[in-house]
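All remarks here apply to the structure that follows.
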Amino acid sequence: MALAGRTRISVAFLSKLYKGHELHKKSRITCMEPTILQRNDHNVSRKDISQAALKVLYRLHERGYKAYLAGGCVRDLLLGKHPKDFDVVTDATPNEVRRCFSHCRLIGRRFRLAHVIFGDEVIEVATFRAASAADDTPDEEEIDESDVSDASDVSDASDQTDPSDPTDPSEESDESDPPPRSHRQRGSDRDSMVNEETGVVLRDNVFGTPEEDAFRRDFTINALFYNIADFSIIDYVGGLKDIEKKVVHAIGDPDLRYQEDPVRMIRALRFASTLGIEIEENTYEAILRQRDHLAHASHARMYEEILKFFYSGSMNDAFDQWCETGLLDVMFPGFALWVREDSTEADIAWLRVALQQMDKWKSHKVKASQELLYTLFLAPYIRAKAAEIAEGDPSQDALLTALQIIQEQLAVRILIPRRILFRMNDILKAQERFGDRRNDDRVQRFVRRPFFRDALVFFKLDMLAKGENQADLIAAWSRDLAKAPPPDPRRRPQQRRPRRRRQRR
């Protein structure tokens, strides 16, 4: 009986996979031959490309591999913007990439990637991916942070050559030699994993061709390639036309695309708001139909995706889009209900000032801390919840209790780390101390606290949003801060060891 039950489940699972595969095959944008723009027909210049990325491209090309820039960097270059990073795709396997560069690490469980390290800059190199039966995994910008190691920590690099130039091949590699290219497994479902109930792709480790790689990406504007061999732009999916029309257009059936990776819905909104373009009608309407699937996205990944909005420079517009599409209710349960039903005009005005300040920081190239950004976004809601708790039970710590309740509400969607939660509590609790400057020793101790800078920024914004003139008080605290030594980023708080009790004889 147990074996028969297992057999029925397996048949149902395989049938669902096959059905999804057929639907996606029908919904694909077909392209017999790619559109190729020669160097004289586009505006992408090598002088706008990172020197580290060029070194990687040239080295792979010299070794006989295809080497393309891909994804958002090509899109931004065509739009005249400066990319924040450069991603490379190639037909070399991760192990072959590792053999080409001395300072290179292979990372990732869901899909193996190579990180080539140039000092503080890391160039991500991916092998062309094929479409599996589930036919998708997130592209380079969508890799789950929990699936990869920290690329910024390069202290364990085993190579002894100069880390500033990793293009010298290492003499020895700790990776086994890859199989001949003719023996590579392409289009196989052996390493594909899909959640049967939600359709979300969990893992896909299948190599493919440039065309397959282009079709498995999320939006047409993110599926363009820059070929270092002849400096041309290669377009398999109509991305050049969509860039010209300034629209975000899903590749294939947008409903199926969002089911495979629900985070694509908020990515579509982010591209539209940051690039100042529209979302294609069917791509937008599919968001309205599939928004509840966002609840199946990785909670840790959602935390990082929201941070991208905070740092995007268009958070004020993005918030309107969240409300219009109903995604705010899915991402921030409790908070969305409060915004819609219980918030006051003053609360919303305060929130708007905070969102506009985030956008100003982006234009001035100021990067605020994660805890400050989340505090600014949730502060009116946190204060309202704390006031409600204090009215019911004045004896408890209302602010910390409110934060814990809100974290529990958001935990089903966004995983806010506890260290961030406690820092948010420090920032908000510190506000009541800015009005007391009677004791110089207390002032100096307060200024030296690690959260003081963020707390002072919050205080300035709070006074601005409330329309209170505290210029003299803010100036006094700013002078104290200027005299204080800068915080040491390498210093970690020391944990006090518990005292050992002497055992009685």
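The peptide list 53-61, 439-447, put in order of mean Cβ contacts within 10 Å with the highest first, becomes 53-61, 439-447. 3J(HN,Hα) along the stretch 342-354, derived from phi through the Karplus expression 6.51 cos²θ - 1.76 cosθ + 1.60 where θ = phi - 60°, amounts to 10, 6, 9, 4, 5, 5, 5, 5, 4, 4, 5, 4, 5 Hz, with x in place of Gly and Pro. Amide H contacts of Asp87: Ala70, Cys73, each under 5 Å away and 5 or more positions distant or on a separate chain (H built 1.01 Å from N in the peptide plane; Pro and chain starts excluded). Of the residues Leu376, Ile406, His364, the one whose Cα sits farthest toward the positive end of the charge dipole of the stretch 352-490, with +1 on the Cβ of Lys and Arg and -1 on the Cβ of Asp and Glu, is His364.
The order of the peptides 335-344, 223-232, 477-486, 399-408 by mean Cβ neighbours within 10 Å, most packed first, is 223-232, 399-408, 335-344, 477-486. For His299 and Asp85, the difference between the fully extended length at 0.36 nm per residue and the C-alpha to C-alpha distance is 74.6 nm. Computed FRET efficiency, Cβ-Cβ of Lys241 and Ser363, R0 25 Å: what is it to the nearest 0.05? That gives a FRET efficiency of 0.25. The slack in the chain from Arg448 to Trp338, taken as 0.36 nm per residue of separation less the alpha-carbon distance, amounts to 36.0 nm. Spatially, the stretch 249-295 and the stretch 73-115 are offset by 25 Å when compared through their Cα centroids. Look at Thr325, Thr90 and count the other Cβ atoms within 10 Å of each Cβ; fewest to most, that gives Thr325, Thr90. List the relative contact order of the stretch 306-483 as a percent without decimals, with contacts defined as Cα pairs under 8 Å and 6+ residues apart. Once divided by the residue count of the stretch 306-483, the mean separation gives 22 percent. Using C-alpha pairs below 8 Å separated by at least 6 residues, the relative contact order for the stretch 248-383 is 23 percent. A cut-off of 5 Å between modelled amide H atoms, ignoring neighbours fewer than 5 places along the same chain, links Ser343 with no other residue. Scalar couplings 3J(HN,Hα) for the stretch 206-219, obtained by applying the Karplus form with A = 6.51, B = -1.76, C = 1.60 to θ = phi - 60°, are 10, 7, x, 9, x, 5, 4, 5, 5, 6, 8, 7, 7, 10 Hz; x denotes Gly and Pro. Here's the picture: charge each Lys and Arg Cβ at +1 and each Asp and Glu Cβ at -1 in the stretch 269-368, and of Thr325, Asn282, Met302 the one pushed furthest to the positive end of that dipole is Met302.
Between Asp393 and Arg63, what is 0.36 nm times their sequence separation minus the Cα-Cα distance? Round to one decimal in nm. Working shown, then result.
Numbers: separation 330, 0.36 × 330 = 118.80 nm, distance 7.01 nm.
Extending this stretch completely gives an extra 111.8 nm.
Close amide H pairs (under 5 Å, H built 1.01 Å from N) link Val206 with Ala130, residues at least 5 positions away or on another chain.
Separation of the alpha carbons by more than 25 angstrom is noted, of Lys55/Lys365; Lys367/Lys460; Lys84/Lys466; Lys81/Lys360, for Lys55/Lys365; Lys84/Lys466. Please give the FRET efficiency for Asp292 paired with Glu468, using the beta carbon to beta carbon distance and R0 = 60 Å, rounded to the nearest 0.05. Efficiency, from the Cβ-Cβ distance: 0.90.
Take the Cα radius of gyration of the stretch 306-483 and divide it by 2.2 N^0.38 Å, N being the number of residues; the result is 1.05.
Using the Cβ-Cβ distance between Ser478 and Ala349 with R0 set to 25 Å, the FRET efficiency from 1/(1 + (r/R0)^6) comes to roughly 0.50.
Each reported figure results from applying straightforward, stated rules to the coordinates on display, with no laboratory input. This is a predicted model, so every value here is computed, not measured. Cβ coordinates were reconstructed from backbone atoms using ideal geometry, including for glycine residues, and neighbour counts include every protein chain displayed.
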